[in-house]
Amino acid sequence: MRTGRWLLGMVATMGVVAVPASAAQRPAATADFAHTIRSDQRFVLEPNSTHTYTMRIAGLGTDANTLLPCFGFDIDGPGVSLAAANLEVFGPVVAEPSQANTPDGGIPGAQRQPDGTLAIPDSAAVLDQRTLARGESCEKIGWDFFTSSGRPRLDPWGNPAPAGAAAARSASAKARAKAKHRKALHRAHLKMRGATAQDGSVQVTLAGFRNVPGDPWGGEIVVTVRTGALAGATTLTTHARVLPQRLAA
């Protein structure tokens, strides 16, 4: 699975599985929603410190496996509640074949490195109201975007979808869903402090999906946290789900 800015379009749609831009040239893939590959890792935060935490995402780079929406993290403790999902991409990227000789390799935001490779800078791995609002919703559904039958657990506005909800909504239901989304964005706005997200004595200064150096098909979630005097046990937990897909013969 190649990872680049195409991933951002996928997570904005929230209902489309991540696939490379060149996927139309590949054989059809069979998806197995009943056996998604789960990655969850818990870290205990230390007071008055700054640390970067990394979780390698299991399952990427095998067959046609793809990263699903709701990849991110939550931080919980006394007086602290932060969550973010559908994080920005940064780190090494692979040029699109037809754009290999262009400055960005066909990957918006990528920069050519001295050795000729491409990378999206760390400055792209920042949070905003969108990622914080998505994190709130993804936390409510246990970070599993799809059911075992492949039905999205979030509606197009990012709200948890009622079980067995019909595909069509009435105008009033759509208006209520949009209003819930606006409220989530407002709550997220209150936790933003410039380029960082903050709640209580915890600040997140960097959070993103990083392509693994030397392995353009793999990926990891990276979160940098700055803490003050914590009121009690506070934990960071990272989450990702990968959909197993096999290419047709």
Point to revise | Packing-based order for 188-199, 132-143, using average beta carbon neighbours within 10 Å, highest first | key: 132-143, 188-199
**Study point:** ³J(HN,Hα) computed for each position of the stretch 136-150 - Karplus, 6.51 cos²θ - 1.76 cosθ + 1.60, integer Hz, glycine/proline x
**Key:** 4, 6, 5, 5, 5, 9, x, 6, 9, 5, 10, 6, 5, 8, x
**Study point:** Order of 205, 66, 227 under a 10 Å beta carbon neighbour criterion, fewest first
**Key:** 205, 227, 66
**Study point:** Directionally averaged shadow of the stretch 6-247, computed from the convex hull of its alpha-carbon atoms, nm²
**Key:** 14.3 nm²
Point to revise | For the stretch 104-199: relative contact order, % (alpha-carbon pairs under 8 angstrom, 6 or more apart) | key: 28 percent
Practice item. For the stretch 91-164, state the average projected area of the convex hull of the C-alpha atoms over all orientations, rounded to one decimal in nm². Key: 7.3 nm²
Practice item. May I ask you to sort 74, 115, 63 by Cβ crowding, counting other Cβ atoms within 10 Å and putting the fewest first? Key: 115, 63, 74
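The numbers here are math on the coordinates, done by the rules we state, and not lab data. Remember, predicted model here, so these are calculated numbers, not experimental data. As a convention, Cβ positions derive from the backbone with ideal geometry for all residues, glycine included, and neighbour counts pool all protein chains shown.
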